[in-house]
Structure formats: structure tokens, C-alpha cells
1. In square nanometres, what is the average projected area of the Cα convex hull of chain B?
2. Using modelled backbone amide H atoms (1.01 Å from N, in-plane), which distant-in-sequence or interchain residues come within less than 5 Å of A:Thr68's amide H?
3. With a Cα-only, solvent-free Debye model of region B:5-241, what are the log10 I(q)/I(0) values at q = 0.09 Å⁻¹?
4. For region B:73-79, just list the computed ³J(HN,Hα) in residue order, Karplus coefficients 6.51, -1.76 and 1.60, θ = phi - 60°, integers in Hz, with x standing in for Gly and Pro.
5. Using only Cα atoms, figure out Rg for the protein assembly as shown and give it as a multiple of 2.2 N^0.38 Å.
6. On the accessible surface of region A:44-324, probed at 1.4 Å, how many percent belong to carbon and sulfur atoms?
7. How much net charge surrounds A:Val119 when only the other residues with a Cβ under 12 Å from the Cβ of A:Val119 are counted, with Lys and Arg +1 and Asp and Glu -1?
8. Taking only the Cα atoms of region B:364-423, how large is their convex hull per residue, in Å³?
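The values are calculated or read from the model by the stated rules, or taken from the named source; none is laboratory data. No experiment lies behind these values; they were computed from the predicted model shown. Cβ placement follows ideal geometry from the backbone for every residue including glycine, while neighbour counts extend to all protein chains displayed. We work out accessible area using only protein heavy atoms, side chains counted, and drop any ligands, DNA or RNA first. Shrake-Rupley method; radii C 1.70, N 1.55, O 1.52, S 1.80 Å.
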Amino acid sequence: MERTMKLPKRVASMPLRFHGGIVALAALLVFNSLFTPNFLQLQTLFVNISQVATIAIVAMGMTLVIATGGIDLSVGAVMALAGALAPLIFLSDLGAANPALGVALAIMLPLLVAGLCGVFNGVMVAVLNVQPIIATLILFISGRGIAQVLTNGNLQTFSNPSFSYLGTGKILGLPFQGWLALVIACVLFWVITRATWGRYLLAIGGNERAAFLSGGPVRRVKIGAYVICAVLSGFAGLIVVAINSASDAARNGNLMELDAIAAAVVGGALLQGGRAPIFGAILGAVIIQLVKYTLLANGVEDEVALIAKAAIIILAVWMQQFRRT
Amino acid sequence: MNALVSMSGIEKSFAGVPALSQASLEIAPGEVHALIGQNGAGKSTMIKVLTGVYRRDSGSVVIGRGESEISSPREAQEAGIATIYQELNLVPLRSVTENIIMGYEPKRLGLFVDWREGNKRAREVLARFGIDIDVTEPLGNFSTAIQQLVAIARAVSLEAKLVIMDEPTSSLDASEVEVLFGVVRELKNQGVSVLYVSHFLDELFQICDRVTTMRDGRTVSTRIVSETKKLEMIADMLGRNTDEIAAEGMTDFAGAKAKRGSILLRSENVCSGPRLTHFDLTLHRGEIVGLGGLLGSGRTEAARALFGVDALEDGVIELDGHTGQPSGPDEAISKRIGFLTEDRKAEGIIPDMSVRENMTLALLPKLAKRGQIDFERERAIVDGFISDLGIKAAHMDQPIRELSGGNQQKVLLARWLATEPDILILDEPTRGVDVGAKREIQSFIRSYVDKGFGVVLISSEFEELVEGADRIVVMHEGRSVTELANPGITGNILVGALAHHDAGADTWNAQ
């Protein structure tokens, strides 16, 4: 009792399920260090960080969209689209002639296209009042199709060390994309807690009519959330391509929407909106990644891993319902 | 007379707050019975007790011969009571026939739905009301009025003895209302009783036999409509003496003008749709102008038009000498207008956000430097209002949902005071708050106006308007009809102004 009293107010009022997430993470770590061979090695850490980063990056974007009371099913397709564009650009004649410019454009242009996808989603939802699940279903279906058309359905392999840095580079011995995810998290956390945009985001998710009648720029903020989510998905798509030194439009980001939604929900996002736990999304992504890894490393088949993931989502949603009553 | 439904001594409380006390209602077979009352008078609670949605605390409900223990809507339906809600509980994507026979389908071989028979039945039921439509079309293809009639037809086909209609005309146009009235008369001819709940008193004279008036959870009168004047109904609803109303209503309204500054806001011939057709208002610095009128008279719609929520179809709004309606709440706020909405829960608070965040929501653009919130200033401002308005909260970071209604309302008032608006529109600022908070809120409003700002005050409580407003614009059915000026307004003068505008109804009644 005495100890909790001394906790800073913010920590003490943190939602229960966030603690629940930390407990789950601790349990996973303990289990793995006891039963998974070679778990406590640096190599394992690298593998997990490099894989969790893409889920975490997309999950943070998803968290913003969910905070408005929406959902974005198109994140995986946007990953595929951005991922397919990048090699096309730096493998083109222009890219080959100017390697530096080629790589720069191969990062900027796909992100721009991803952003336009976000504008499309946002306008559908915020201006045309289409249900988010339907609005984003459009790109969910067509985005990957466009990516496959662009690449004629072929796997594009390449060797471009500067581009591959996105997925294989290391800073202070840790994977670049892990640092990237961390930087994005810090920026978004700042935006949510300090910027007017973040305040409006939470207000709109909490009570859209009240936010509108208080002068909140509802449309702009909602479109912004979808744009950020799409750009982050684009980033993730580039990272996957960089890790593999190959772009496979059919597989890049496949089922990512489910991982991202699951991570956001496990991290404490409320599907009805009004809450944007950015670091929660990272925690959720780590838990999902660790469950996948645990099962894989212990010889459980991939299909079973899907069931385990479903169980986590059910558990997280159940905890939300439990808290609400 | 053998009553079809007889409710007496009904008591019902919610969390210790009485919603009904000693309420009663008696409906005769084959009669059209109106139930009227101000908002919160207990009409809907009464209906929900009758239909088994709520369980009564005490009292008796007799339906037909026996004491009824209806405890669910299903049982009510089986007892012959059908309710037509404003929000229709039908399936728009399925055919008219399916909607009428749902749950009671005629079967062939005990297994398959006999559509030929079903369609025939549906057509027959509708024909009884003179409606001839293609019953195989999806219900959603038809107008609201037809859908409502289909709901009624379904009720009749289930051999309802009593059909309850809750505000049935609120979304119908004039010709559709006529069709509905035809159906109500036809129900009556067939011996079905109708309980008719409406805010539009004029309608009652056209179709109702008797009217029961409720006020503050009690039944105050049951009258025969053809022997009642509209003025008497209003007097019952508001708890006033008709003689007083009539006498004072006759006096000249030209009172002394309040001291006032330059014109802040002028609206002329403003129309934003069928619920607000003609609205004139002039607001000066340093005055409170009240909007009086019964429910559905267009008061809230007027506020929404001024704040740029509903676009104008016609008319002019002039703010501080410049013509033009604000394009939306954000522009209205930047033009120094504030709008405290009527529905605190749906349009006011953001329940999970803190007192601080709720209070500074409208001020946010001014609190930010390059998109970043100035927390130091925010806390100072919030601190100031918490002590000025006496808001009782554990700390400013407490979620607003944990506060009492009165304190929530003070936070919302502070949300608008913080933007320092020239014009503050207050829609029912003291509804649902306790007496103490009410007095405080009223005195803040007065002291704000004394600083040279203007307030538009909407209230269903006539005392609040009479005591609070310098002038009162009286509204009726979407139009501003009269203007009264203080000093000199009394509650009875105000009620008289409302009632006298309806002289036409009384003459109609006298025929």
C-alpha cells in the first residue's frame, strides 16, 4: 500500500491491462529462458528485434487509426505496394546511373505513394463517411493487386547494400529498424501527449460530436491518422524488402493487418477509440513476436501459431470488456 | 366504463430518484388517448412500465380483466400491446410482407413459408388502411411514413388491442401526417385503442378523444379533448392557473428596455430546414436574450444555425456588423461565439478525458505554440476556473466522467468562458444539475454578461428565462413569433405569449 502511494500519479493510474501486458511479456521471457534452447543469446535478440520492428511500426500507425474509432485493413497491401515500388526505382536506368539519387527516390517515392493511399482511406472515412472497415477494404484488395501488376507478379531480387541498410544495418550493434521504431515511437508519443493534434485525436475518438462542436478539425485529424498509418506501413514494407534483398508483392505484409490490430489491442488500444498507447503498441508487437518465436523455436507448426495469436487477441479483448463492466 | 388499460398508483425510481410517483393512466377500448407533458415529466417511463421494459416499484396495471404482470416486451405483445417507436424496429432490407408476417409466417407442409398466402395477408392488412403498395419490395424503398404504417399494420395483424405511438409525426411531412391520421381513425373504427404521445398539441385536437397530462412524474389531469382548450393543456403541463395566464397574456408586452450596448448579433428570416423556418433575433452587448418555446419549437435548431452547425437555407446572420454564417463550429469559435450544448453526454463531455483536457478543448488553438500545447498556461487557466466556478474535483487530471452532473456542467461552461466569447449560446445550461450548482451557474452567466458580452439563453424552465433574460424571443413551430422585454415579464405572461399564438387552435376547437 505504502509503495503504490509513492508511485507518481501517472504510473499509478496506468491502465491495468498495460500491467497485464508486462506480466505476459515477463512470463514469455521466463518461459523461453527456461525451455527454448539458445534463447539467452545476442543473436536471438537481433533476430527478434529485426522482425518485431515492422510489426511495431505498423502497429503504432494502427493505434492512431484505432484511437479515432477507425480501423485500417489496408496496411499489409500498402506494405506490398511500397515494397514493390522501391526496387523498380533503384533498378531503373535513372537509379542505376545515379545510385545515391536512386536509393533516395526509392525511399521517398514509395512513402509518398503510401501517403496517398492514406489520403484515400482518410477521405473515404472522414469526408464520405464510409465505414472504416469497408473504406480500407478497397485498398486491402486492390493495393496488393496493383503491386503485383507493377512487378508482373515476379519476385524482384537485387543487390543494393545502401538500400538494404534499412533492414540489415546496425547502430551500436542493434538493428537499424529497431532504432527506427524507437524514434518513431518517441515522436508519436510526443505528438499524442504534447501536440494539439494528439489532443484532438483522442478527443475525436472519445466523443466525435463533442470534439466537432468544440471546434476540433475532425476531418483533418482523421485523415492525418490514416496518412500516418499508411506512411508507417510503407516504411515497414521497405524494411521487409531490404531484409530479404527481394520484393515479393504476393507475400510482403501478408496478414500484417491482423498482427498490427492484435498488437494495438494487446497494447491497450480501445476499439471504440479515445486512447492511443504508443508504447503499448510496441509492447503488444513484442508479445506477438515472442509468441511466434516461442512456438517456432519449440518446433510448433506455423498454423498452430496462428491459433495462438487468435487466443492472445481473444484474451486482450476479453480483458477490455472485463474492465468496462 | 370498462377500461382496456388501467394503471394506478405507479411508482418508479431510478437510483433513488423518483421518475414516477402516484402516476395513473386509463385507456378505454377503441379510444385515441393522448399522453402529454414536458420533457422529463415521465411519459416514456410510464410507457416503459406499461410495456414491461421497466418493472414498477409499486402500483397496479390492469389490462382487460385481470391484473397484469407484464415483465417483458414479448409478454406485452402477447397481451395485445404494440409499440411503434420513433426508431422503427423493422428490417428495411426485407420485403414489406416479411416485415408484417415475421415470426407468424403462414406455413405449407408445416415447413415452408407460404409466400402467396403471406403476400395476400400483407396486402389485406394494408388495404384496411387504404394503402396499396407492392408488398414484395424491400421495406427500405418506401418513405418513413409508409414504414411507420407497415409497423402499425404489423401490430394490427397481431391483433393488438392497444397501439402505442411515440412521437409518430416527428419525421413526417404534412401529407404523410394526414395519411397517418387516417390510419389512426381507422384503428379507432376497428375498436383498437391508441395511446398517442406527441409534443404537437395541435395534432391532438384532430384525432384524440381524451388527453392525460403528466408533470414531474405525476398524472395531473385527464380531460376530454373536445371540451378542452389548448391553453388548459399548456397550463396543466406547466402547472399554472389558466385564468392568470389568460389575464396576463392579454396585457401589452411593451416593457422597459434593458440597458444595452452595440449590436453583437442579428439574424433575420433565418431558415435551416423544416424545424427552423423563420428566426429573427437581435443580441446586444450586455444583455441576455432568452429563447422561449415548447419542445420542438426550434430553439436548439436556432442555436445550431447561429453556431454554423446547420447550414442556412435562407436568411441572414450578421455578426458584429459582418454578414455571413460561420462555416462550422471552428469558425464560429474564432468569431468569438461559444455554444454550450443541451445534451451534455452526447455532445458535451469527452468522458475518458480529464477535467483539464475537457475544459481547454475549445481553447486549444489559442493554447498552442507551433502545434505544441502550452501546459503551463493550460494548468494556470484550468486552475483559475476550478476555483472561480467552485468545481469540485479531486484534481484537474481526474476523468470528467467521475464528476457529478453539476460539476461536469461547470467544466463545460468553463470550456466556453475560457475562449472569452462575445456571444455565448447556452442550451439548457442548468438541466439535470442540482439546485446549488444551478444558482451558481446562473450567477456566472449574469456576471459574464455584466462585463459587456451577450448571452442567448435557451431553457425549458420558464422561471429561469423570466428571471434571467432581459428579453425573451418566443418561438413556435420553427418560427420566432413574439418578443417580450423585462422588466415586467412574469411566468404567466410568457406562457400566455406561447398560448395566445395558438388562438387558432382554440377557434378550431370551438367549431
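1. Quarter of the Cα hull surface area: 27.7 nm².
2. A:Gly274
3. Taken in order of the listed q values, log10 I(q)/I(0) reads -0.39.
4. x, 4, 5, 4, 4, 5, 7
5. Against the compact-globule rule of thumb, the ratio is 1.14.
6. 70 percent
7. Summing Lys/Arg as +1 and Asp/Glu as -1 gives +3.
8. Dividing the Cα hull volume of region B:364-423 by its residue count gives 96 Å³.
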